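Trainee: Here you go, one structure.
The values are calculated or read from the model by the stated rules, or taken from the named source; none is laboratory data. Note that the coordinates shown come from a computational prediction; the quantities given were computed from them, not determined experimentally. Backbone-built Cβ (ideal geometry, glycine too); neighbour counts: all protein chains shown.
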Amino acid sequence: MSDPNLVAAPTAWELAVRPGFLIRRLHQIHLAMFAEECGPSGITPVQYSILSVAAAQPGLEQTRLGYEVGVDRTTLANVVARLEAKRLLTRVRGTTDRRLKHVTLTRTGADLLDRIAEPARRAHARTIEALPEAERDVFLRALARLVDAGNAYGRAPLRLS
């Protein structure tokens, strides 16, 4: 006898047409490719983003850094602390507001970014290489549009302008 309160598990096909499922799977795939390409560095995609923003905007206030990368404050504080322990970043208290911490890439961090720039680029390219070249820009623009449209729902909305 079957229990009328049980819901049938979705089939693989039903999962494969759900955007959330596909986005999560693509993210998992990208993480694996990034690890293959950049694994020896010990840097994750989120860490790479944080280091990249710190390189582009030296001395950026830590909370602002979180908005630039789209990472919530707690996660950002933990990741930045780990990067600081590896001597890839430094944090300095603000001079006018001592509660604020300003993040700067170290020379070691800059050297690491230089070393993994090409492997990271390959990981990003591999993530979308199954698409014909003409469709890649369309796909990336569509992803950016979806992120922009749903930005307010993120745990840490991106700064979009």
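Trainee: Filter the range 56-71 down to residues that are closer than 17 Å to ASP111 by Cα and loosely packed, with under 15 Cβ neighbours inside 10 Å and give me whichever is farthest from the chain's Cα centre (by Cα). Walk me through it before giving the result.
Mentor: First, pick out the residues of the range 56-71 that are closer than 17 Å to ASP111 by Cα: 56-58.
So of that shortlist, the ones also loosely packed, with under 15 Cβ neighbours inside 10 Å come out as 56, 58.
Working: ALA56: 16, PRO58: 19 Å.
Looking at residues that are closer than 17 Å to ASP111 by Cα and loosely packed, with under 15 Cβ neighbours inside 10 Å, I get PRO58.
Trainee: Exactly one of these conditions fails for LEU105: (1) at pLDDT 95 or above; (2) touching a Lys or Arg at 6+ places or on another chain (Cβ under 6 Å); (3) not polar (S, T, N, Q). Give me its number.
Mentor: (2)
Trainee: Collect the residues in the range 31-80 that are free of Cβ contacts under 8 Å to residues at least 24 places away in the same chain and among the acidic types (Asp, Glu), keeping them in residue-number order.
Mentor: None; the set is empty.
Trainee: Turning to a different aspect of this structure: Out of the range 72-106, which residues are hydrophobic (A, V, I, L, M, F, W, C), exposed (fewer than 15 other Cβ atoms within 10 Å of the Cβ) and over 18 Å from VAL46 (Cβ atoms)? Give the derivation first.
Mentor: Kept after step one, since they are hydrophobic (A, V, I, L, M, F, W, C), are these residues of the range 72-106: 76-77, 79-81, 83, 85, 88-89, 92, 100, 103, 105.
Among the residues that remain, those that are also exposed (fewer than 15 other Cβ atoms within 10 Å of the Cβ) are: 81, 85, 92.
The answer is VAL92, and nothing else.
Trainee: For residues in the range 10-25 being surrounded by 11 or more Cβ atoms within 10 Å (Cβ to Cβ) and either assigned to a loop (DSSP other than H, G, I, E, B) or of a type in the set (A, V, I, L, M, F, W, C) (or both), which is modelled with the lowest pLDDT? Full working, then the answer.
Mentor: Of the residues in the range 10-25, the ones surrounded by 11 or more Cβ atoms within 10 Å (Cβ to Cβ) are 10, 14-16, 18, 21-25.
With the extra rule that they be either assigned to a loop (DSSP other than H, G, I, E, B) or of a type in the set (A, V, I, L, M, F, W, C) (or both), the set shrinks to 10, 15-16, 18, 21-23.
On the way: PRO10: 73, LEU15: 81, ALA16: 82, ARG18: 88, PHE21: 90, LEU22: 92, ILE23: 93.
Filtering the range 10-25 for residues that are surrounded by 11 or more Cβ atoms within 10 Å (Cβ to Cβ) and either assigned to a loop (DSSP other than H, G, I, E, B) or of a type in the set (A, V, I, L, M, F, W, C) (or both), the one modelled with the lowest pLDDT comes out as PRO10.
Trainee: Still on this model: Out of the residues in the range 145-161 that are assigned to a loop (DSSP other than H, G, I, E, B) and not charged (D, E, K, R), state the one that is modelled with the highest pLDDT. Walk me through how you get there before you give the answer.
Mentor: To start, the set of residues in the range 145-161 that are assigned to a loop (DSSP other than H, G, I, E, B) comprises 154-161.
Going one step further and asking which of them are not charged (D, E, K, R), we end up with 154, 156-158, 160-161.
Working: GLY154: 79, ALA156: 70, PRO157: 67, LEU158: 65, LEU160: 59, SER161: 53.
Going through the qualifying residues, I end up with GLY154.
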